[in-house]
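Data first, discussion second: the structure below is written as structure tokens.
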Amino acid sequence: MRTIFSSADSTRALAVKRWGYLCFLVTPALPPAGWLLGRITGWADSFSFLTLVAVFGLLPLADALIGVDASSPADGDQDSLEHDPWYRLLPMLALPVCAALLAWGTWVFVHEPYGWAGKLGHLLSVGATMGIVGITAAHELVHKAERLDQRFGGWLLALVCYGGFKVEHVRGHHMMVSTPEDRSSARFGQSIYGFLPQAYLSNFLSAWRLEAWRLRQGGYPALSRRNEVLRLSLLSVALCAASGALFGWQGVVFFLAQSFVAVTELEIVNYIEHYGLHRRLLPNGRWERIAPEHSWNAPWLLSNLFILQLQRHSDHHAEARRRYSALRHHEDVPTLPAGYAPLMLLALVPPLWFRVMNPRVRAWYSDDPAALAA
């Protein structure tokens, strides 16, 4: 692997990445670009897949050519990286961008004379973008202490019918990650097709239980306006109804279908991020402390710029409140063979996924083979 920034290149890396994070806003421009090129060339159905070709084809190639980022912010830079308004603003911009993309995407789906392939390509492109941009930004925002950040994160999740993620991810997944109690942590040998059904249902139920418990502690019933899962779910229902009122039954179909694509993309990423890794159960009955080695890391520079360093997942789980701009690179952690995009495609073919990833899990636990049965 080519290393573009080494551990000694902190200052240079930070200068490049400060503006490089604008790549995050490139992805939402891809569906409109595909639509426009389709109109210009007359190949509308073909160009509706432009987003998917760029994200799952061109980006991995560029990743391989550019190389990995092994730099970490110096201790003296941490405070500015955490509190610089620029880094806070960028994920918040995802809300108006994604809302506009969703409205435009629905209009195109209903009114553009696509064939069935064009409609499929457009739907997958918008849904994938809502996941890449909307859910990535929401994930960043819901971890922050500021109330406005959390609200923006929740509203982004409502755009894809997954408001419960705001509760379950922070209070469930981050507490029980890489244990059998976490339905967002894939077990060794578990296929994506066994993982996804449990993730869809269990994560919503877990979010409801966590929020109901929080309300009971304060003396409130679960069915209350204070229930955040309920509020965000009702917001999704209202958005779906508005889409139906404006665009008819196709508006409802598009809203629900793009939500399904975005949420499925999220859960496939969850599958990748912790596959086969586990925390040990201590003699006192508690799970060992969460550490960087309980998440897979992916150090590729370009794809990390596109998704706000989400692939520095090892450091994110070790320091969940740390802003994306301040996340550190770790050498001694499980490392993925590529960025998320190509591995998402690989996960859809379980025999190939197991062939690539199982040897890496076994190598990581080579000193403790019994761990693979945990």
What are the chymotrypsin sites (Phe, Trp or Tyr not before Pro) within segment 15-55 that DSSP puts in a loop, where the Cβ has at most 13 other Cβ atoms within 10 Å? Trp43
Segment 220-374 shape via C-alpha gyration tensor axes, a/c threshold 1.5: prolate
Keeping all protein chains in position, work out how much accessible area Val349 exposes to a 1.4 Å probe, and write it in Å² to the nearest 10. 60 Å²
For the chain, what class follows from the C-alpha gyration tensor (a ≥ b ≥ c being the square roots of its eigenvalues): rounded when a/c is under 1.5, otherwise prolate if a/b is larger than b/c, else oblate? rounded
What whole-number value in Å² describes the accessible area per residue of the chain for a 1.4 Å probe? 44 Å²
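Assuming R0 = 45 Å, what is the FRET efficiency of Leu348 and Glu146, from their Cβ-Cβ distance, to the nearest 0.05? Kindly include the intermediate steps, with their values, before the conclusion.
Values: r = 37 Å, r/R0 = 0.82.
Computed FRET efficiency for Leu348 and Glu146: 0.75.
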Among Val253, Val97, Val26, determine the one that fluctuates most according to a GNM of the chain built with springs between C-alpha atoms less than 10 Å apart. Val26
To the nearest 0.05, what FRET efficiency results for Ile40 and Val237 with a Förster distance of 35 Å applied to their C-beta separation? 0.40
Per 10 Å bin from zero, what fraction in whole % of the C-alpha pairs of segment 40-198 is there, up to the bin with the longest pair? 9, 25, 34, 25, 6, 1
Accessible area of segment 118-178 with a 1.4 Å probe: how many percent of it is carbon plus sulfur? 65 percent
Compute a Gaussian network model of the chain, connecting alpha carbons closer than 10 Å, and tell me which residue from Arg183, Arg147, Arg286 fluctuates the most. Arg286
Using only alpha carbon pairs under 8 Å that are at least six residues apart, calculate the relative contact order of the chain and give it in whole percent. 22 percent
Net charge within 13 Å of Trp35 by Cβ-Cβ distance, Lys/Arg positive one each and Asp/Glu negative one each, not counting Trp35 itself? 0
Between beta-carbons, use under 12 Å as the cut-off and find the net charge around Arg323, counting Lys and Arg +1, Asp and Glu -1. -3
Would you be so kind as to identify all helices of the chain, as entire DSSP H runs, whose Cα atoms reach 15 Å or more along the helix's own axis and whose mean Kyte-Doolittle hydropathy is at least -1.0? 30-41, 94-111, 116-129, 147-158, 192-217, 228-247, 249-274, 350-364
Taking every other residue with Cβ under 11 Å from the Cβ of Leu308 and scoring Lys and Arg +1, Asp and Glu -1, one gets +2
Whole-Å distance, taken between Cα centres, linking segment 95-150 and segment 278-349: 25 Å
Where is the GNM fluctuation largest for the chain (alpha-carbon springs, 10 angstrom cutoff): Thr11, Thr51, Thr264? Thr11
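Only loop residues by DSSP count here, and only those with at most 12 other Cβ atoms within 10 Å; note down the GluC sites (Glu not before Pro) in segment 282-374 that meet that.
Hits after loop and neighbour filter: Glu331.
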Below 8 Å between Cα atoms, with a sequence gap of 6+, how large is the relative contact order for segment 191-300 in percent? 19 percent
Output for segment 136-178: GluC sites (Glu not before Pro) sitting in coil per DSSP, at most 14 other Cβ within 10 Å, listed by number, reads Glu146
Given a 1.4 Å probe and heavy atoms of the protein chains only, how would you sort Val261, Val126, Val237, largest accessible area at the top? Val237, Val261, Val126
Mind running the shape call on segment 46-129? Use the C-alpha gyration tensor, a ≥ b ≥ c as the square roots of the eigenvalues: rounded below 1.5 for a/c, prolate if a/b tops b/c, oblate otherwise. oblate
With a 1.4 Å probe and all protein chains kept in place, how much accessible area does Arg362 have, in Å² rounded to the nearest 10? 120 Å²
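Report the relative contact order of segment 55-201, percent, no decimals, based on alpha-carbon pairs under 8 angstrom and at least 6 residues apart.
16 percent.
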Whole-Å distance linking the alpha carbon centroid of segment 1-40 with that of segment 216-262 is 32 Å
Please calculate the 1.4 Å probe accessible area of Cys161, with all protein chains present, and give it to the nearest 10 Å². 60 Å²
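The values are calculated or read from the model by the stated rules, or taken from the named source; none is laboratory data. Owing to the predicted nature of the structure, the values given are computational and were not obtained by experimental measurement. Note that each Cβ is placed from the backbone with ideal geometry, even for glycine, and that neighbours are counted across all protein chains shown. Accessible surface is based on the protein model in full, side chains and every heavy atom, while ligands, DNA and RNA are left aside. Shrake-Rupley method; radii C 1.70, N 1.55, O 1.52, S 1.80 Å.
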